[in-house]
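Taking it in order: structure first as structure tokens, then the write-up.
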Amino acid sequence: MTDFTRRGLLQTGGLLGAAAFANLPLTAAAQAGEITVTALGGIWEEAVKKAFVEPFERKTGAKANVLLGSPPQWLSQVEANPKNPPIDVIIVTPDLAINAAKMDLVDTFTVEKVPNLADIPAEFTNALSGKGTVFDYGVAGITYNKKTVKDPPKSFKDFVDRTAAGEWTASLPGISYAVTPIMLMWAMARALGGSVDNIDPFFDAMKKMRKNVIFWGGPNDFFNHLSSGEADIGIYFDGRTWAHVDAGADWIDFINPSEGGSINALAVQKPKNAKDLAWEYINVMLSPESQLKFAEMLSYPVTNKKVQYPPHLAKRFTPWQEAHFPPYEEIAKVRAQWVDRWNREVGG
């Protein structure tokens, strides 16, 4: 792979004549290029453009076209045309990233190709078999209404016991929500002594809590439950919680359970045969400057360990070491069984 470094520029200069390149920037070889990158909609698109696309275009003189959609859609497009993928950089959930790696659809990340990868904890790249890395994450924990819950639970166990006792009505993600098997079922089972191979503690907890539980099918539903008084507390994302707070809902707060909530992350990958210029874009994505901008706009922590958060964000963000990275491959093998059991025993 061509790396847009001083060495690469000098090699190119050796072929075309050093004088022609004497006054050009280091990334001149990348100029006049064009790539297609991905983003989710709404504020996400704005953050991708401000934090990643604009500095990439300034640095390289190349253009990054932003394609909106969803990770499954983007991977399907890559899979349909692997020899000439229509997308150069894809953003995916870790489970889909692992599938893409298994299908040999994506390239391996190295520090030579992506220098800023050196500042990403190895756990985030190793989890994807080296074929991509996590660039931002959130934690699913306990969000509550401070007006009605004066003494919030600090652990999953306390949450279960006090919900079962009827201290409040809890709002939990329902089985129709794609991440429920990870953020609720696996995380709660693990906290209560279970595992991927032993989900019983989760279902035992649900039996205890069921009469005091309602379910949300989308993130906005949860906020509506708390704002309407239908529920007082529930399992939700830290970043979403802080976004609501920043929008004026200063009556809610978030707690990472003492056992540790689940890390819900997004990863970046480069499809095989995509343009080499994609490496430069990914390197910008992983730079401390771009990562900080992204974190500030979305209220989610990022993975470059050189990022220094401002105080108001630092006190909000859960260090990744205090949460748990889900075993996506193992969960995928039993997911259908869990969903079937939910439908039979929980309903709703």
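In table form, for the structure just shown:
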{"item": "Tabulated pairs, the range 217-233, first in the same structural domain as Ile255 (by TED's automatic domain parsing) and over 19 Å from Ala243 (Cβ atoms), second surrounded by 14 or more Cβ atoms within 10 Å (Cβ to Cβ) and aliphatic (A, V, I, L, M), C-beta under 9 angstrom, 6+ apart or interchain", "result": "Glu230/Ile214; Asp232/Val149; Asp232/Ala170; Asp232/Leu226"}
{"item": "Filter result for the condition that a residue is aliphatic (A, V, I, L, M) and either surrounded by fewer than 18 Cβ atoms within 10 Å (Cβ to Cβ) or touching a Gly at 6+ places or on another chain (Cβ under 6 Å) (or both), over Ile214, Ile182, Ile199", "result": "Ile214"}
{"item": "Matching residues, the range 56-86, being in a loop (DSSP other than H, G, I, E, B) and either hydroxyl-bearing (Ser, Thr, Tyr) or buried (at least 22 other Cβ atoms within 10 Å of the Cβ) (or both)", "result": "Ser70, Pro85"}
{"item": "Gly130 being crowded, with 19+ Cβ neighbours inside 10 Å and either out of contact with any Lys or Arg (no Cβ under 8 Å at 6 or more places or on another chain) or part of a loop (DSSP other than H, G, I, E, B) (or both)", "result": "no"}
{"item": "Criterion (under 18 Å from the mean Cα position of the chain (by Cα) and touching a residue at least 12 places away in the same chain (Cβ under 8 Å)) met by exactly one of Val149, Val160, Val179", "result": "Val179"}
{"item": "Criterion violated by Lys102 - all others in (1) farther than 28 Å from Trp242 by Cα; (2) not assigned by TED's automatic domain parsing to the domain that holds Lys63 satisfied", "result": "(2)"}
{"item": "Pairs, first under 11 Å from Leu286 (Cα atoms) in the range 102-122, second assigned to a loop (DSSP other than H, G, I, E, B) and of a type in the set (D, E, K, R), C-beta under 7 Å, six or more apart", "result": "Asp119/Lys305; Asp119/Lys306"}
{"item": "Answer residue from the range 238-264, given it is among the aromatic types (Phe, Trp, Tyr) and farther than 17 Å from Phe294 by Cα and is surrounded by the most Cβ atoms within 10 Å (Cβ to Cβ) among those", "result": "Phe254"}
{"item": "Residues of the range 159-179 satisfying the condition of being assigned to a helix (DSSP H, G or I) and either surrounded by 23 or more Cβ atoms within 10 Å (Cβ to Cβ) or not assigned by TED's automatic domain parsing to the domain that holds Ile252 (or both)", "result": "Phe159, Thr163"}
{"item": "Selected residue (criterion: modelled with the lowest pLDDT) from residues of the range 102-127 that are within 19 Å of Tyr328 (Cα to Cα) and crowded, with 19+ Cβ neighbours inside 10 Å", "result": "Ala127"}
{"item": "Inter-residue pairs, beta-carbon under 6 Å, first under 26 Å from Asp95 (Cα atoms) and in the range 58-71, second exposed (fewer than 14 other Cβ atoms within 10 Å of the Cβ), 6+ apart", "result": "Leu68/Gly41"}
{"item": "Any chance Lys270 is of a type in the set (Lys, Arg), under 24 Å from Ser129 (Cβ atoms), modelled with pLDDT of 95 or more and crowded, with 24+ Cβ neighbours inside 10 Å", "result": "yes"}
{"item": "Check on Gly248, part of a strand (DSSP E or B) and assigned by TED's automatic domain parsing to the domain that holds Lys146", "result": "no"}
{"item": "Where a residue in the range 333-345 is more than 22 Å from Lys208 (Cβ to Cβ) and its partner, wherever it lies, is of a type outside the set (Lys, Arg), with Cβ under 7 Å and at least six apart", "result": "Val334/Val196; Arg335/Pro181"}
{"item": "Checking Ala80 against (1) in contact (Cβ under 8 Å) with a residue 12 or more places away in the chain; (2) farther than 20 Å from Ala178 by Cβ, the condition it does not meet", "result": "(1)"}
{"item": "Hey, Ser290 polar (S, T, N, Q) and modelled with pLDDT under 95 or not", "result": "no"}
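The values are calculated or read from the model by the stated rules, or taken from the named source; none is laboratory data. Since we're looking at a predicted model, the values are computed, not measured. Neighbour counts are summed over all protein chains in view; Cβ atoms, including those assigned to glycine, are modelled from backbone coordinates with ideal geometry.
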